[in-house]
Amino acid sequence: METSESIFVVIKKAILGFFHGFLPDWTVVIISILISVTAIVIFGPVTMMFLTWLERKVVGRIQNRYGPNRAGIFGLLQPIADGVKMLTKEDIVPRAADKVTHFLAPVIVVIPALLVFSVLPFGRGMAAVNLNVGLLFFLAVSTMSTIAIFMGSWGSRNKFSLLGGMRAVAQMVSYEIPMVMSVVPVILVTGSLSMVSIVEAQLGGKWFVLTPWGFFGAIVFFLCGVAEVNRTPFDLPEGESEIIAGFHTEYSGMKFALFYMAEFMSAFAIAGLTATLFFGGWDGPLLPSWLWFLVKSYAMIFIMIWFRGTLPRFRIDQLMGFAWKLLLPFALLNIFVAALWQMLPAPKNLIVSGIAEAVILVIVFFASRKDSPKKRTYVFAD
Amino acid sequence: MDVLHNLARLGFFAATLVTLAAAVMVVTLRNIFHCALALILVLLGVAATYISLKAEFFAVIQILLYVGAIMTLVIFAIMLTSRIGDKTVLQNNRQGLMSFSLLALFNAFFIGSVIKTSWHLNPAAMTANVDAGVLGAAFMNEYVFPFEIISVVLIVALVGAIILGRSDQ
């Protein structure tokens, strides 16, 4: 129990202790940094590989078929087969493309997707960096993927790519606001931006999702997160039935795979962040902490895949209306409810904030009018 | 730990160098989209400088606001403006000498005033830990009046933007 709990921390300490024997102090610091970096750089792509497998398997089950089952047992070697296929594919660059931008976009899109893992606490004492502005760092860095999507869509010189890129940015700019607003209650209650102290505030089963504001905050945050990583039902930037593949229409081979990788790693990061902020992170009984974190994150991932297997794509006006008319006012009022919960004494706050939450939910739901496109009047030439 | 200290210093100079090089690119590149990308690099370099000065909060806010929001808007404006991103536009005109001499004059004055100022260092402020909590408390207590005024200005701007952007009824 004790060893499985801190196995990764113990391994790191052992490696550092080995090098400390004959190397000067400053190299040990650098080796310590390198170990964390290597762990993240390996963890990200491996997670991505098996998320592709999981997604195809689960969506297959939802659609009453088997999913991949040829390569290896249960198709577990399918991601490796895919990787070999992607690497050996011809890399096609359109003649009119802006060569530098077209090449840099898939490289840059992976960077924020990997960087955000550095502040996620994977277990007790297992955050690579305990930044005191960790949560803001996560939000700030994840916005940078927009720039890469832009570069890809503009550098391809393709109308479908450009349309996809513009959709992507409109969506990300809109959903970022309710997303940031929905984490404000967490900051308000814990009084810290550090991910580690946010988890520590929820230790012992006091998960924020069990409070009225936390429950709805988690829903708002998760929906915004799904929209941020362009997954169904928010996958307008790459809606394949409308604009081929959106911003990565002109990419093939490994460059396409990098876009794919960034998308899945961001999806996992959002799932992990939801688990950290609202579901107690690595807190849980019996099992070691890092396993709890993975279980919670994969539960979130499963919900995302479930969405994909169930829901059709939004229309663009529905997408915008959902963010601005429903999620944003609700996230704003949720801050007020969290303040009520924090200020009132213990038994009273649950009732008062619960009632306030219910009232707000009803008001926001009925105040946001059903959005239907304006009736067009056509003026014909005589 | 001397080596680490020097490495951190090297990082600071590297960030400064990248910032300056990207700043030159912003004004010399011919394609406006490339200029915008170079400007992003400048802003990231400034964020890196903040980090090396132990102001992580400012660095993160810099990325969140400038790279995440403002540059996204700039690029969006470029993409929405028809065909401006396709062309390679010469960025300088024939008034280079004139503006350069004016700028040199201004810079001479500016650098002179920087050198002349004696820069009193407040030891308490040097070691103060300026994190988000301290800033927030300062906004809500000492500087509440300017904070409120900025809030009002922002709300006016928001309402104005909504009125301007409203489709004709």
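The values are calculated or read from the model by the stated rules, or taken from the named source; none is laboratory data. Being a predicted model, the structure only gives us computed values, none of them experimental. For neighbour counting, all protein chains shown are included, and Cβ atoms are generated from backbone atoms with ideal geometry for every residue, glycine included.
Looking at this structure, is A:ALA358 buried (at least 16 other Cβ atoms within 10 Å of the Cβ) and either in contact with a helix residue (DSSP H, G or I) (Cβ under 7 Å, 6 or more places away or on another chain) or at pLDDT below 85 (or both)?
Values: buried (at least 16 other Cβ atoms within 10 Å of the Cβ): no; either in contact with a helix residue (DSSP H, G or I) (Cβ under 7 Å, 6 or more places away or on another chain) or at pLDDT below 85 (or both): yes.
Here the answer is no, as A:ALA358 does not meet what is asked.
Note on region A:144-167: residues that are surrounded by fewer than 23 Cβ atoms within 10 Å (Cβ to Cβ) and more than 15 Å from B:PHE33 (Cα to Cα) total 4.
When the criteria are applied in full, A:PRO121 fails the requirement of being assigned to a helix (DSSP H, G or I), crowded, with 20+ Cβ neighbours inside 10 Å and more than 11 Å from every other protein chain (Cβ to nearest Cβ).
Picking from residues in region A:146-191 that are more than 8 Å from chain B (Cβ to nearest Cβ) and among the hydroxyl-bearing types (Ser, Thr, Tyr), the one that is farthest from A:GLU238 (Cα to Cα) is A:THR190.
Among A:ALA148, A:ALA127, which is the only one that is part of a helix (DSSP H, G or I) and among the small types (Gly, Ala, Ser)? Among A:ALA148, A:ALA127, only A:ALA148 is part of a helix (DSSP H, G or I) and among the small types (Gly, Ala, Ser).
Within region A:235-258, track down each residue that is of a type in the set (Phe, Trp, Tyr) and surrounded by 23 or more Cβ atoms within 10 Å (Cβ to Cβ). Spell out how you get there, then give the answer.
Here is the first cut: in region A:235-258, the ones of a type in the set (Phe, Trp, Tyr) are A:247, A:251, A:256.
Selection gives A:PHE247, A:TYR251.
Between A:VAL9, A:VAL37, the distinction of being modelled with pLDDT under 85, in a helix (DSSP H, G or I), under 26 Å from the mean Cα position of the chain (by Cα) and closer than 23 Å to A:GLY272 by Cα belongs to A:VAL9 only.
Results for (1) more than 24 Å from the chain's Cα centre (by Cα); (2) within 14 Å of another protein chain (Cβ to nearest Cβ); (3) in contact (Cβ under 8 Å) with a residue 12 or more places away in the chain, shown as yes or no for each residue.
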site	(1), (2), (3)
A:TRP26	yes, yes, no
A:VAL29	yes, yes, no
A:PRO45	no, no, yes
A:MET49	no, no, yes
A:THR52	no, no, yes
A:VAL58	no, no, yes
A:LEU77	yes, no, no
A:LYS85	yes, no, no
A:HIS102	yes, yes, yes
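The residue that is nearest to the other protein chains (Cβ to nearest Cβ), counting only those in region B:1-44 that are surrounded by 13 or more Cβ atoms within 10 Å (Cβ to Cβ) and outside any helix (DSSP H, G or I), is B:ASN31.
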